[in-house]
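**Q** Below are the structure tokens for one structure; questions will follow.
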Amino acid sequence: MSHRIDIRFAALKNAGRKALVPFITAGDPAKEATVPVLHALVAAGADLLELGVPFSDPMADGPVIQRSSERALARGVGTDYVFECVREFRQRDDVTPVVLMGYLNPIEMRGHDRYARDAAEAGVDGVLLVDLPPEEAGPLRAAFNAHGIALISLAAPTTSPERLARLAAEAQGYVYYVSFAGVTGADRIDVADVALRAGNLRAMAAVPVLIGFGIRDAVSAATMSRLADGVVVGSALVETIAAARSPDDAAKLAADFLAPLRLALDTP
């Protein structure tokens, strides 16, 4: 559905490499830092970028991302700002996929078709919504697909076999597999359980499977990457750049954080 996402994962597969996908919250640690940080992450080895859309009730997020969302909202960050960030990012980078990660309410307020059209015009490739049940995703998926945007599926250890089969069948771009039942930023991964569940999901899905939640450093990234097609790192990165003194400092902190993870994923 999204040519950038599909092209990137095809290239990774051909090269025998694992995807490294960092997450940051738009507008944090400063509105002026978002685009420089995105570019710094790509330079440090990011294959795809997840950009968090701040929301007032981020139920799936732990304290670190909750606080980053609160700070961004206090700075007046909203959907228009997020689209503008992607649009500015695209002026220098037209190949790295960008996926927005957030909640359904802002999309409902804007309207499905208008949101999809505005997102596509900005250069967004996919959207991941943590509070959209797959049984209710049809109309929104149709609106997104009409504008070339992938609706990314989310799966968890608590996902029933029936729902998992449906997610796998309908998946676009990639599937984000949550490594444990809980919120972002926690650290209680059962590697054997993740291996079993992620393996079953990979066998069913026609798209790559990425593992997220609880990945904090090079060691955990390398461990989880062996069980899937790549990893997503969010809370640890968001926490690292929160102390930045300037946009340039935030970009440097982001690059310094991500580079060891890239090296770990590329080391046999």
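The values are calculated or read from the model by the stated rules, or taken from the named source; none is laboratory data. Note that this is a predicted model, so its numbers are computed, not measured. FYI the Cβ positions are ideal-geometry reconstructions off the backbone, even for glycines, and counts take in every protein chain you see.
**Q** Restricting the search to region 223-239, which residues are over 21 Å from A251 (Cβ atoms), aliphatic (A, V, I, L, M) and in a helix (DSSP H, G or I)?
**A** Of everything in region 223-239, just one residue is over 21 Å from A251 (Cβ atoms), aliphatic (A, V, I, L, M) and in a helix (DSSP H, G or I), namely M224.
**Q** Checking V77 against (1) farther than 19 Å from G148 by Cβ; (2) touching a helix residue (DSSP H, G or I) at 6+ places or on another chain (Cβ under 9 Å); (3) not in a loop (DSSP other than H, G, I, E, B), only one condition comes out false. Which one?
**A** For V77, the exception is condition (3).
**Q** Going through region 4-22 one residue at a time, which ones are of a type in the set (K, R) and surrounded by fewer than 21 Cβ atoms within 10 Å (Cβ to Cβ)?
**A** Hits for region 4-22 are K13, R17.
**Q** Do you know which residues across region 119-149 are among the charged types (D, E, K, R) and either more than 19 Å from the chain's Cα centre (by Cα) or buried (at least 19 other Cβ atoms within 10 Å of the Cβ) (or both)?
**A** Answer for region 119-149, where residues must be among the charged types (D, E, K, R) and either more than 19 Å from the chain's Cα centre (by Cα) or buried (at least 19 other Cβ atoms within 10 Å of the Cβ) (or both): E121, D125, E135, E136, R141.
**Q** Follow-up question, since we're still on this one. Could you list, in sequence order, all residues of region 82-102 that are without any contact (Cβ under 8 Å) to a residue 60 or more places away in the chain, surrounded by 22 or more Cβ atoms within 10 Å (Cβ to Cβ) and either in contact with a Gly (Cβ under 6 Å, 6 or more places away or on another chain) or aromatic (F, W, Y) (or both)?
**A** V86, F89
**Q** Could you say which residue among L253, L261 is in contact with a strand residue (DSSP E or B) (Cβ under 9 Å, 6 or more places away or on another chain), modelled with pLDDT of 95 or more and either farther than 24 Å from P134 by Cα or aromatic (F, W, Y) (or both)?
**A** L261
**Q** Among the residues of region 160-174, is there at least one that is under 23 Å from G234 (Cα atoms), of a type in the set (F, W, Y) and modelled with pLDDT of 95 or more?
**A** Within region 160-174, one or more residues are under 23 Å from G234 (Cα atoms), of a type in the set (F, W, Y) and modelled with pLDDT of 95 or more.
**Q** Which residues, counting only those in region 47-66, are of a type in the set (V, I, T) and modelled with pLDDT of 95 or more?
**A** V53
**Q** Run down A46, A40 and say which single residue is within 22 Å of I215 (Cβ to Cβ), in a helix (DSSP H, G or I), in contact (Cβ under 8 Å) with a residue 60 or more places away in the chain and hydrophobic (A, V, I, L, M, F, W, C).
**A** A40
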